[in-house]
Amino acid sequence: MSGISPQKPTSVWKRPLQVKFGAVARALGKGAVSAAFGAWPGVASSGVDILRALGIQENKVEATAWILVQRSLLQAMSQLTEECKKSLSNPEPDFTLLCDQLDGVLEDAELSLTPSFFTQPKQLEVVERVKTPFRQWLQVCGLPQEPASALSQRLPQYFVFALNQQWRTNSSDYAPLQTALSGPFEAANERELAWMRYRAATAAGG
C-alpha cells in the first residue's frame with residue numbers, strides 16, 4: 001500500500017516544571033486572577049515579569065509558549081465564569097483554588113506543544129485535561145451540573161479567541177516566538193468566528 005505512514009508528531013516544546021497555573025497566578029500578583037473578570041488582556045504583569053518571577057530566562061522560547069497557553073486558558077475560564085457570575089453562590093469565585101486544582105490534574109502529565117498548536121490550538125491535550133476540573137470548580141462555586149458542563153465544553157473555543165487576543169495585546173511578551181511565527185492563531189481565530197457567524201445565520205433563518 002502506497003502513501004505516507006502515520007507517525008507520532010515530533011514534540012515542539014515540553015511544559016517546563018516551573019510553569020504551573022498557581023505559579024503564574026502568584027506571579028500576576030495582587031489578586032489579579034480572582035479580579036480579572038472580562039478584563040484579562042489588560043491584567044498587570046508582563047510575560048517577561050512572570051518568567052523572571054518563576055526563575056526562567058526571558059528568552060526561553062519553550063517557557064514563553066507555555067506562559068502564553070496558560071494565560072490564555074486562564075483568560076478563557078475567567079470570561080466563561082463571568083457569563084454565569086450571577087448564578088454562583090459566591091460573587092467572588094476563588095481562582096486561586098481553581099489554579100491549584102488545575103495543577104493537581106496536570107502534575108503527572110507530560111505535556112508537549114506539537115505543530116498542531118498553531119493550526120488547531122483547541123485540540124491541545126492540555127485544553128481537554130482542564131475542562132473537567134473547570135467544570136467541577138464551577139459546581140463548587142454553586143453552578144448546577146448541566147450549565148457547568150455546557151460552559152466547560154465551550155472552553156476550547158474561548159481558548160482560541162484568548163490566544164489571539166493575548167498575542168495581539170501582549171505581543172512584546174512573546175517576542176521569542178515572533179522571530180519564527182507571524183500571527184499563528186489568526187487562522188484558527190477566523191475559523192471559529194466563521195462558525196459562530198454560520199450558526200447565528202442558520203438560527204436566524206430557521
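Would a scan of the stretch 78-91 turn up a residue that is over 26 Å from Leu177 (Cβ atoms), aliphatic (A, V, I, L, M) and more than 11 Å from the chain's Cα centre (by Cα)? Write out each step before concluding.
As a first pass, look at the stretch 78-91 and keep what is over 26 Å from Leu177 (Cβ atoms): 81-91.
Checking which are aliphatic (A, V, I, L, M) leaves us with 88.
This time we only want the ones that are more than 11 Å from the chain's Cα centre (by Cα), so: 88.
Scanning the stretch 78-91, I find at least one residue that is over 26 Å from Leu177 (Cβ atoms), aliphatic (A, V, I, L, M) and more than 11 Å from the chain's Cα centre (by Cα), so the answer is yes.
Among the numbered criteria (1) at pLDDT 85 or above; (2) over 26 Å from Asn189 (Cβ atoms), which single criterion is violated by Thr81?
(2)
For the stretch 56-162, give me every one of the helices (runs of 4 or more DSSP H) that falls completely inside it and has 2 or more residues that are among the aliphatic types (A, V, I, L, M).
Values: elements: 61-83, 95-106, 116-119, 125-140, 145-153.
Here the list reads 61-83, 95-106, 125-140, 145-153.
I'd like to know if the stretch 121-139 contains one or more residues that are at pLDDT 85 or above, farther than 20 Å from Ala25 by Cβ, open to solvent by 10 Å² or more (accessible area, probe 1.4 Å) and more than 12 Å from the chain's Cα centre (by Cα).
yes
Taking interchain pairs and intrachain pairs at least six residues apart, which have beta carbon atoms under 6 angstrom, with the first residue in the stretch 64-81 and within 16 Å of Gln123 (Cα to Cα) and the second among the β-branched types (Val, Ile, Thr)?
Close Cβ pairs satisfying both conditions: Trp66/Val19; Gln70/Val24.
Here are Pro41, Pro115: which of them is closer than 14 Å to Val160 by Cα and at pLDDT below 80?
Details: Pro115 fails: closer than 14 Å to Val160 by Cα.
The unique qualifying residue is Pro41.
Just checking, how many residues over the stretch 82-101 are touching a residue at least 60 places away in the same chain (Cβ under 8 Å), open to solvent by less than 20 Å² (accessible area, probe 1.4 Å) and in contact with a Gly (Cβ under 7 Å, 6 or more places away or on another chain)?
1
Could you say whether any residue in the stretch 174-193 is modelled with pLDDT of 75 or more, open to solvent by 70 Å² or more (accessible area, probe 1.4 Å), out of contact with any Ser or Thr (no Cβ under 6 Å at 6 or more places or on another chain) and not polar (S, T, N, Q)?
yes
Are any of the residues in the stretch 142-164 modelled with pLDDT under 90 and of a type in the set (S, T, N, Q)?
yes
The values are calculated or read from the model by the stated rules, or taken from the named source; none is laboratory data. No experiment lies behind these values; they were computed from the predicted model shown. Positions of Cβ are backbone-derived with ideal geometry, glycine not excepted, and every protein chain shown enters the neighbour counts. Keep in mind that these areas ignore ligands, DNA and RNA; they rest on the heavy atoms of the full protein, side chains included. Shrake-Rupley method; radii C 1.70, N 1.55, O 1.52, S 1.80 Å.
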